[in-house]
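Report on the structure given below.
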Amino acid sequence: MYKRQVYRPRGGQFIAEDGDALDPGWREYVGIRNFIRLVTTPSYRGPFFRVLLWTLEWSFFTVLFSFAMGLALAILFNDSKMKLRGLYRSLVILPWAIPGFISILSWRYGFFHTEFGLLNRLLRSSLGIVVPWLGEPFWARFSLILMNVWLTYPYMMAVSLGALQSIPDELYEAARVDGASPWQRFWHITFPLLMIPIAPLLIGSFATTFNNFTVIWLLTEGGPVIRIGEPAGATDILISYAYKLAFLGARGNEMSLSSAMAVVIFVIIGTISAVSFRRIRMLEEVAYGL
């Protein structure tokens, strides 16, 4: 005895009362409905804004710390009086030479593993403590930033070293004659002249980090879980959240919301880049008197 099933058109598909859908469906113009769902539906609104905030924090702090570390090393290795600086440069650039996925998996299982990781073994033997590197939201986020700084600081060091070598020595000699301290020489000569060629690269690095799905997925897969049944984990960024909505959602998939998320990512990156490049242009005009 077959049960009579009635299918009615809804949302681009024929759907029965029990939720069963007939495939394939058809195209349906929805306008901005998916964007409205993203910010008004409680099950999506909370995770979306939380993930957006963490994505901005993740991108900002990664670029900030990697640039600071790379610049410090570049200033150190720019000293012509330093012995064996060629050897030291080769050693500190090693993270850049190793394939990224190998480094990430090595950090995940070799350093951050709760029981057998090197970091916890050292902490257990010296202080008697164990840190849940990937098991709690704060430590998982800290671990991600730490590892990504390790992956990106050699690039920042290389570009900073090239920019430093383009600054004329006469400027520093004149500053020394005027009695400027090392900090004053750095803040009033090195940093402003350095930012003109480096700033566009920092914007590019920010955009790359903003969409760095590989690092997130290989190290934490977006975890740890914050709420049972919620697709967004503590370390998910917008791109990994969009991936989960598209392929790992409880309803099978949410391709429409994932597509809306991709548009949101594009708008955010485009806006930040446009504003930043406008500021850089103003800086160039002041520096070169154009």
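The values are calculated or read from the model by the stated rules, or taken from the named source; none is laboratory data. Since this is a predicted model, take the numbers as computed values, not measurements. FYI the Cβ positions are ideal-geometry reconstructions off the backbone, even for glycines, and counts take in every protein chain you see. Just so you know, the surface numbers come from the protein's heavy atoms only, side chains and all, with ligands and any DNA or RNA stripped out. Shrake-Rupley method; radii C 1.70, N 1.55, O 1.52, S 1.80 Å.
Remarks
- Cα gyration tensor shape of segment 106-210, rounded if a/c is under 1.5, else prolate or oblate by comparing a/b with b/c: prolate
- Within a Gaussian network of the chain (alpha carbon springs, distance under 10 Å), most fluctuating of Ala74, Ala232, Ala180: Ala180
- Table column - 3J(HN,Hα) (Hz), segment 231-243, Karplus curve with 6.51, -1.76, 1.60, x for Gly and Pro: x, 7, x, 5, 10, 5, 9, 4, 6, 6, 5, 4, 4
- Placing unit charges on each Cβ (+1 for Lys and Arg, -1 for Asp and Glu) gives the chain a dipole about its Cα centre, and among Ile265, Ile228, Ser80 the Cα reaching farthest toward its positive end belongs to Ile228.
- Exposure check, 1.4 Å probe, all protein chains in place: Asp18 carries approximately 100 Å² of accessible surface.
- Estimated distance in nm for a label pair at Lys83 and Tyr7, the labels positioned 7 Å out from Cα along Cα-to-Cβ: 8.1
- Check: segment 2-98 dipole with +1 on Lys, Arg Cβ and -1 on Asp, Glu Cβ, in debye: 200
- Model label zone, Val267; criterion: amide N under 20 Å from point 7 Å along Cα-to-beta-carbon; scope segment 39-79: 39-57
- Residues His188, His113 ordered from highest to lowest accessible area at a 1.4 Å probe: His188, His113.
- Working note: Cα atoms of segment 59-98, range along each principal axis, descending, whole Å: 35, 23, 7.
- Rounded to the nearest 20 debye, the dipole size of segment 28-164 about its Cα centre is 140 debye, using +1 on the Cβ of Lys and Arg and -1 on the Cβ of Asp and Glu.
- Among residues other than Arg176 with Cβ under 12 Å from its Cβ, the summed charge is -3 (Lys and Arg +1, Asp and Glu -1).
- Percent accessible area from carbon and sulfur atoms, the chain, protein chains only, probe 1.4 Å: 65
- Over the chain, accessible surface divided per residue gives 60 Å², non-protein components excluded, 1.4 Å probe.
- Segment 131-183: C-alpha gyration tensor shape, a/c 1.5 cut-off, then a/b vs b/c: oblate
- Using the Cβ-Cβ distance between Thr41 and Glu221 with R0 = 25 Å, the FRET efficiency computed as 1/(1 + (r/R0)^6) comes to roughly 0.55.
- For the pair Ile15 and Ala72 in one chain, pulling the backbone fully straight at 0.36 nm per residue adds 14.4 nm over the alpha carbon distance.
- Charge dipole (the chain, unit charges on Cβ, about Cα centre) - positive-most of Phe210, Phe67, Trp183: Phe210
- For the chain, a Gaussian network of Cα nodes joined below 10 Å ranks Tyr44, Tyr88, Tyr243 by mean-square fluctuation, and the top entry is Tyr88.
- Rounded to the nearest 20 debye, dipole of the chain from Cβ charges on Lys, Arg, Asp, Glu: 420
- For Phe14, the residues 5 or more places off, or on other chains, whose built amide H falls under 5 Å of its own are Leu22.
- GNM on the chain, alpha-carbon springs under 10 angstrom: the most fluctuating residue among Leu53, Leu94, Leu38 is Leu94.
- Normalised radius of gyration (Cα atoms, divided by 2.2 N^0.38 Å) for segment 188-281: 1.38.
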